[in-house]
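Input: a single structure, listed below in structure tokens.
The values are calculated or read from the model by the stated rules, or taken from the named source; none is laboratory data. What you are looking at is a predicted structure, and each value in this text was computed from that prediction instead of being measured. All Cβ positions, glycine included, derive from the backbone under ideal geometry; neighbour counts span all protein chains shown. Note: accessible area is taken over every heavy atom of the protein model, side chains too, but ligands, DNA and RNA are not part of it. Shrake-Rupley method; radii C 1.70, N 1.55, O 1.52, S 1.80 Å.
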Number of protein chains: 2
Amino acid sequence: MLAIKRDKKSQHVSLEWIFQRVFYLKCPYNWLIGSIYPCFASNALVSHTENKPQIMSLVVVGSMAFDAIETPFGKSDKIIGGAGTYIAWCASNFTPIKQISVVGGDFPESELAALTARGVDLEGVQIKKDEKTFFWSGKYHMDMNTRDTLDTQLNVLENFQPVVPDSFQDCEFLMLGNLVPAVQRSVIEQLKNRPKLIIMDTMNFWMEIAMEELKKTIAMVDLLMVNDSEARQLSGEYSLVKAAKTIMQMGPKYLIIKKGEHGALLFHGEKVFFAPALPLEEVFDPTGAGDTFAGGFIGHLAKTKDISFENMKTAIIVGSAMASFCVEKFGTQRLREISKEDIDARLAEFVQLVNFDIDLV
Amino acid sequence: MLAIKRDKKSQHVSLEWIFQRVFYLKCPYNWLIGSIYPCFASNALVSHTENKPQIMSLVVVGSMAFDAIETPFGKSDKIIGGAGTYIAWCASNFTPIKQISVVGGDFPESELAALTARGVDLEGVQIKKDEKTFFWSGKYHMDMNTRDTLDTQLNVLENFQPVVPDSFQDCEFLMLGNLVPAVQRSVIEQLKNRPKLIIMDTMNFWMEIAMEELKKTIAMVDLLMVNDSEARQLSGEYSLVKAAKTIMQMGPKYLIIKKGEHGALLFHGEKVFFAPALPLEEVFDPTGAGDTFAGGFIGHLAKTKDISFENMKTAIIVGSAMASFCVEKFGTQRLREISKEDIDARLAEFVQLVNFDIDLV
């Protein structure tokens, strides 16, 4: 079913595909094309990596979107959002990224250029110049943990069929941001070699309308990320420890349960690790915090190329630290400002926050 | 006002007081009297410590009660409960305790004997043989964080006027379990020398009916313990970080905010420390978990005689570990069963739960 869809897609874009192929041959800096001439980067099916060294890489799949956000503290205009965007802005602090997504012709070229400048390869980002970018609008309640969706316009996401460029076949770490489960699965199926680690984020929406599809995709990944209520919904268990056991029987060897301001839990077999959220004076906008967490987590793993449980503990702290920046301002703004020194200082705060000496007992 | 009440009390018990004085002179093991003949230990105002070495001690003030508990997993008979009871059962794992409380004639002598055998000095426990012990009945919701009170019978607590025995004047650590704020304050005022550390637990009920009284007592303590919703109510701030700052301006230099299954935060000036709750497969009965946490916290501090912020970090982990036992069975049952080995093993689980290596970043 998915294969057929991909075939149809390939036929549909064949002329554009040929044009790109020619253009790419002329320009070794193909990522630059994606930023300066973003429309040329869409559905880039060219195979141009034969002459390049195969650098194992982090591939990120996720939406790139416009958001309009209301919180008890303020209201944003239509700003840049989307799971893929947050993951990229965050993970690019640690490692280069190969991005798979789709945007409309209304998506600012400057935004793509900014990501490219951060080391995000946009060859896998389709730009549908005659369509509009995915739009979401929501309003947060006082507790900042619950929100109402005011508007959702799928636009380019409605028929999104991701295409993995040949140059992305070196994928060592795959981060599947929240998307239609079948779309996430399609990326896994397009990869010729299984990555070292596949991480998947998802949400309750898919549990309600596509549980069987969701379970098929979950069965194919190494690590699943959900929040606490989603873990309960997916497993039918109230206890998070029981929920974790049930979910790990569905396929993933690792499970991260995100609890927002209450931190996150990492499960693997009988092992469990807990990372708190940094207690903040103000949470300005929680949008993208979960995606940023995911970006920090996989960014650290990809940078260190170590997928041991011990290193995942560090990665979950890195994810928590990055998420604590994300919520300080609207959208991706804070993520764009921070430096390595800011990140190091925040990580040191986490050490202080949870480090204790048990020898005294 | 309180002084007058105490005077009245002293007159009221004068005959009993004389009897006790005589009896105590005959028996050096006065704590034994409290268990074998508990009625004799009530209002023990005797000064019998002149010839004993002054061992600095932990004094615990709190209710000793009967509870009837309903949870989604079961229903208890009328069982032993009360903040003071839980604190004593827990803290006695770490240090001897001097207990201040009140019970009725219906409180089982065997229970008092069991506490005495744990090293709990009951000289400060008044036994009103013609009255009934405080009774509370409640029903927990599925999330185990919220509960409905089904019945409250104050009984002996209605006119409880704590009396600090002379032998308790060596108090170095004072743990004020949740009680009428004026009663808690009365104990502080009866102590001739200020303890090294005064810790106070309280609850939303007093914020609703006696906020000014409560604030007077809070102003006199070193460390306040409340849960997250109580911290918000007391401070009028939603952000827990802001709430902590506001509350610390009311007097206490330290603040612990308990978040149930989401752990606990310790604040001191600009410093903050977080301890998670152990993720448990089943929370059977959360009654007394907060009191047990308090008992572990002050028990560790009293044992190590170190009230530095660094040692408080360890103490909060000890408190969390002890609370994780408490919720495994109804009432105080689990606290009665556990050994030092059980506690050590649980503490090791906490190290695994939160310990990470940030050098890799």
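For the range A:152-166, which positions are assigned to a loop (DSSP other than H, G, I, E, B) and among the acidic types (Asp, Glu)?
A:Glu158
I'd like to check something: does the range A:142-154 contain any residue that is free of Cβ contacts under 8 Å to residues at least 12 places away in the same chain and either within 14 Å of chain B (Cβ to nearest Cβ) or of a type in the set (Val, Ile, Thr) (or both)?
There is at least one residue in the range A:142-154 that is free of Cβ contacts under 8 Å to residues at least 12 places away in the same chain and either within 14 Å of chain B (Cβ to nearest Cβ) or of a type in the set (Val, Ile, Thr) (or both).
On the basis of being of a type outside the set (Gly, Ala, Ser), more than 23 Å from B:Ser324 (Cα to Cα) and under 16 Å from the mean Cα position of the chain (by Cα), does B:Pro252 make the cut?
no
Looking at B:Ala114, B:Ala83, B:Ala68, can you tell me which residue is hydrophobic (A, V, I, L, M, F, W, C) and surrounded by 23 or more Cβ atoms within 10 Å (Cβ to Cβ)?
Residue meeting the stated conditions: B:Ala83.
Is there a residue being among the aliphatic types (A, V, I, L, M), assigned to a helix (DSSP H, G or I) and facing chain A (nearest Cβ under 10 Å) anywhere in the range B:292-313?
First, the residues of the range B:292-313 that are among the aliphatic types (A, V, I, L, M): B:294, B:298, B:301-302, B:307, B:312.
Checking the rest, the ones that are also assigned to a helix (DSSP H, G or I) come to B:294, B:298, B:301-302, B:312.
Imposing the further condition that a residue be facing chain A (nearest Cβ under 10 Å) reduces the set to B:312.
Taking every residue of the range B:292-313 in turn, at least one turns out to be among the aliphatic types (A, V, I, L, M), assigned to a helix (DSSP H, G or I) and facing chain A (nearest Cβ under 10 Å).
Can you confirm whether B:Lys259 is farther than 24 Å from B:Val183 by Cβ and open to solvent by 40 Å² or more (accessible area, probe 1.4 Å)?
no
Residues of the range A:328-347 being in contact with a helix residue (DSSP H, G or I) (Cβ under 8 Å, 6 or more places away or on another chain), free of Cβ contacts under 8 Å to residues at least 60 places away in the same chain and within 12 Å of chain B (Cβ to nearest Cβ), which ones?
A:Leu347
Assess whether B:Leu255 counts as being closer than 30 Å to A:Lys258 by Cβ, of a type in the set (A, V, I, L, M, F, W, C) and facing chain A (nearest Cβ under 8 Å).
Against the criterion (closer than 30 Å to A:Lys258 by Cβ, of a type in the set (A, V, I, L, M, F, W, C) and facing chain A (nearest Cβ under 8 Å)), B:Leu255 does not qualify.
Checking A:Ser324 against (1) away from chain B (no Cβ under 11 Å); (2) within 28 Å of B:Asn311 (Cα to Cα); (3) in contact with a strand residue (DSSP E or B) (Cβ under 8 Å, 6 or more places away or on another chain), which single condition isn't satisfied?
Of (1) away from chain B (no Cβ under 11 Å); (2) within 28 Å of B:Asn311 (Cα to Cα); (3) in contact with a strand residue (DSSP E or B) (Cβ under 8 Å, 6 or more places away or on another chain), only one is false for A:Ser324: (3).
Restricting to the range B:96-111, count the residues that are of a type outside the set (Asp, Glu), open to solvent by 40 Å² or more (accessible area, probe 1.4 Å) and within 26 Å of B:Leu150 (Cβ to Cβ).
Number of matching residues: 2.
In this structure, does A:Asp228 turn out to be within 14 Å of chain B (Cβ to nearest Cβ) and acidic (Asp, Glu)?
For A:Asp228, the condition - within 14 Å of chain B (Cβ to nearest Cβ) and acidic (Asp, Glu) - is met.
Mind checking which pairs have a first residue in the range B:256-284 that is at positive phi and a second that is open to solvent by 10 Å² or more (accessible area, probe 1.4 Å), Cβ under 6 Å, 6 or more apart or different chains?
Correct list of pairs: B:Gly260/B:Asn145; B:Gly263/B:Ala277.
Out of B:Leu234, B:Leu174, I need the residue that is closer than 22 Å to B:Ala321 by Cα and among the hydrophobic types (A, V, I, L, M, F, W, C). Which one?
B:Leu174
Can you find a residue that is over 19 Å from the mean Cα position of the chain (by Cα), among the hydroxyl-bearing types (Ser, Thr, Tyr) and open to solvent by 10 Å² or more (accessible area, probe 1.4 Å) anywhere in the range A:290-309? Step through it out loud before you land on a result.
At the first step, the residues of the range A:290-309 found to be over 19 Å from the mean Cα position of the chain (by Cα) are A:306, A:308-309.
Remaining after also requiring among the hydroxyl-bearing types (Ser, Thr, Tyr): A:308.
Next, only the ones that are open to solvent by 10 Å² or more (accessible area, probe 1.4 Å) stay: A:308.
Scanning the range A:290-309 turns up at least one residue that is over 19 Å from the mean Cα position of the chain (by Cα), among the hydroxyl-bearing types (Ser, Thr, Tyr) and open to solvent by 10 Å² or more (accessible area, probe 1.4 Å).
For the range B:268-286, what are the residues that are open to solvent by less than 10 Å² (accessible area, probe 1.4 Å) and more than 7 Å from every other protein chain (Cβ to nearest Cβ)? Lay out the reasoning, then the answer.
Restricting attention to the range B:268-286, the residues satisfying the condition of being open to solvent by less than 10 Å² (accessible area, probe 1.4 Å) are B:273-276, B:285.
Residues satisfying the conditions are B:Ala275, B:Asp285.
Just the residues that are assigned to a helix (DSSP H, G or I), closer than 17 Å to B:Asp291 by Cβ and either acidic (Asp, Glu) or open to solvent by 40 Å² or more (accessible area, probe 1.4 Å) (or both), please, taken from the range B:314-361.
If the condition is that a residue be assigned to a helix (DSSP H, G or I), closer than 17 Å to B:Asp291 by Cβ and either acidic (Asp, Glu) or open to solvent by 40 Å² or more (accessible area, probe 1.4 Å) (or both), then B:Gln333, B:Arg334, B:Arg336 are the ones that fit.
Consider A:Lys313 carefully, then state whether it is at positive phi, out of contact with any Cys (no Cβ under 9 Å at 6 or more places or on another chain) and touching a residue at least 24 places away in the same chain (Cβ under 8 Å).
Numbers: at positive phi: no; out of contact with any Cys (no Cβ under 9 Å at 6 or more places or on another chain): yes; touching a residue at least 24 places away in the same chain (Cβ under 8 Å): yes.
Criteria not met by A:Lys313.
Taking the condition at the interface with chain B (Cβ under 9 Å from one of its Cβ atoms), free of Cβ contacts under 8 Å to residues at least 12 places away in the same chain and of a type in the set (Lys, Arg), does A:Lys242 pass?
In short, yes.
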